[in-house]
Amino acid sequence: MHSNSRSFARAVAYPFNRSRSLEERLGILALAIALLFAMSHSLWAHEFKAGDIEIVHPWSRAIPAGAKVAAGYLTLKNDGSTADRLVSITSEIAGKSEVHEMAVDANGVMTMRQVPNGVEIPAGGEVELKPGAYHIMFMDLKQAPKKGESFKATLTFEKAGNVDVEFSVGDMGGENDHSGHGG
Amino acid sequence: MAAKSGRAALVAIAAGAVLLGAGTVYLLSPNSPLREQQSAVVEIGGPFKLTTQDGKPLSNEDLKGSPFAVFFGFTHCPEVCPTTLWEMSEALKALGDKADKLKVLFVSVDPERDTPEFMSRYLKSFDPRIIGLTGSQEAIDAVGKAYRVYSKKVPTDGGDYTMDHTASVYLMDAEGRFSGVISYEEDSKVRLAKLERLVNG
């Protein structure tokens with residue numbers, strides 16, 4: 001009786017000192033790994049879904065002081081059997097948001113144009129909005145995107161409808177996919 | 001007959017060789033189209049008189065004796081301009097003491113919106129050694145022409161506008177002569193090597 005109550009007290013007071021079976025240890029390890037994975041997954045490669053459209057890792061950059069515009073990037077995947085189209089965007093940080101296409105020609109001239117009909121995501125395909133190409137242009141900024149923070153936006157697809165997403169904000173020169181941008 | 005056609009073939013080969021030789025000489029000559037780019041860029045640069053973000057005048061004469069890197073842009077630019085400014089800031093940091101010899105100029109192609117006050121605030125986000133330049137539309141047109149920079153106002157919805165413009169960084173030596181280009185999306189190691197070469201003159 002005495003020894004029983006003592007082992008009970010020990011089990012309650014020192015739950016982490018209690019000797020565990022191999023199965024228990026493996027279970028805890030698996031749970032820890034699953035938790036870690038779930039956390040890192042949501043931090044580094046957050047995803048959103050609307051119908052057949054998957055929106056992978058919306059991100060933006062910190063902007064210079066006083067800047068009136070910011071850019072947003074993401075990858076759109078279409079798991080469906082018909083093409084869809086990203087037609088419009090609204091965001092809490094901007095008075096106006098548009099899809100633009102940027103290009104630098106052989107003479108080093110940068111051009112930027114609104115994509116009036118939106119971006120098509122082919123059936124079973126994907127489109128990457130990234131630096132130097134398609135991007136979302138946030139204009140008439142109400143608040144500046146700050147490094148390490150995130151902001152909300154709503155994407156509207158022709159078929160998949162509306163989906164709320166969150167853009168994570170990186171460094172001013174961050175996340176370039178071409179090598180050698182030094183950061 | 002066979003001898004005749006043989007001779008004809010020889011003549012054809014000889015003519016071909018002469019043409020090939022002449023072509024090679026032409027392509028290697030100073031007038032060659034292959035050198036066109038090189039000879040055109042020699043004319044990049046020239047006099048300018050602009051205003052810094054601190055409201056002070058700055059002309060090409062003030063830069064005599066120091067090599068400089070100059071690029072053109074505008075503060076309502078979502079990607080190219082902040083990225084280039086950020087990369088030049090990183091490069092200045094990486095150059096260490098050598099950066100003291102170098103001047104980095106960011107010239108606005110949008111003087112209407114880029115006042116010295118606005119540029120001063122904007123440039124606080126970058127290396128303080130970067131000099132922002134703006135001026136009257138005439139002064140901006142003149143410096144753009146001297147540096148063969150393309151820029152064009154493009155209207156957007158709602159009465160706003162954006163600017164198409166040359167995104168390259170021009171490298172000028174201590175005498176104000178053109179010495180090279182850093183293109184947009186140039187590898188950071190190449191960028192640094194080019195700036196080091198410019199500073200070491």
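A short reminder: the numbers here are calculations on the coordinates, not readings from a lab. The model shown is predicted, which means the values in this text are computed figures rather than measured ones. A quick note on method: Cβ atoms are made from the backbone with ideal geometry, for glycine too, and the neighbour counts reach across all protein chains shown.
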Karplus-derived HN-Hα couplings along the range B:102-119 (A = 6.51, B = -1.76, C = 1.60, θ = phi - 60°), whole Hz, x at Gly and Pro: 9, 10, 10, 10, 10, 9, 6, 9, 10, x, 4, 9, 8, 6, x, 4, 5, 5
Long-range amide H partners of residue B:162 with built H, under 5 Å: B:154, B:156
May I ask you to list the lysines whose Cα is less than 25 Å away from that of residue A:130, ignoring any residue fewer than eight positions away on the same chain? A:49, A:68, A:77, A:96, A:142, A:146, A:147, A:152, A:159, B:152, B:153, B:189
For residue B:153 and residue A:33, what is the calculated FRET efficiency with R₀ set at 51 Å and r taken between the beta-carbons, to the nearest 0.05? 0.35
Residue-averaged beta-carbon neighbours from other chains (10 angstrom radius) around B:164-174: 3
Taking every residue of A:106-117, the Cβ atoms of other protein chains inside 10 Å of its Cβ average out to 6
Karplus couplings for the range B:73-86 from phi (6.51 cos²θ - 1.76 cosθ + 1.60, θ = phi - 60°), rounded to Hz, Gly and Pro as x? x, 7, 6, 8, 9, x, 9, 4, 5, x, 5, 5, 4, 5
Other protein chain Cβ atoms within 10 Å, averaged over every residue that makes up B:179-187: 3
Pull up all non-local amide H partners of residue B:72: gap of 5 or more, or a different chain, and H-to-H distance under 5 Å with H placed in the peptide plane. B:107
Please sort B:103-115, A:145-157 by packing, taking for each peptide the average over its residues of neighbouring beta carbons within 10 angstrom, highest first. B:103-115, A:145-157
With θ set to phi - 60° and the Karplus curve 6.51 cos²θ - 1.76 cosθ + 1.60, what are the ³J(HN,Hα) couplings of the range A:144-154 in order, to the nearest whole Hz, using x for Gly and Pro? 7, x, 10, 3, x, 9, 9, 9, 8, 8, 10
Is the shape of the range A:41-183 best called rounded, prolate or oblate, per the rule: a/c under 1.5 gives rounded, else a/b larger than b/c gives prolate, else oblate, with a ≥ b ≥ c the square roots of the Cα gyration tensor eigenvalues? rounded
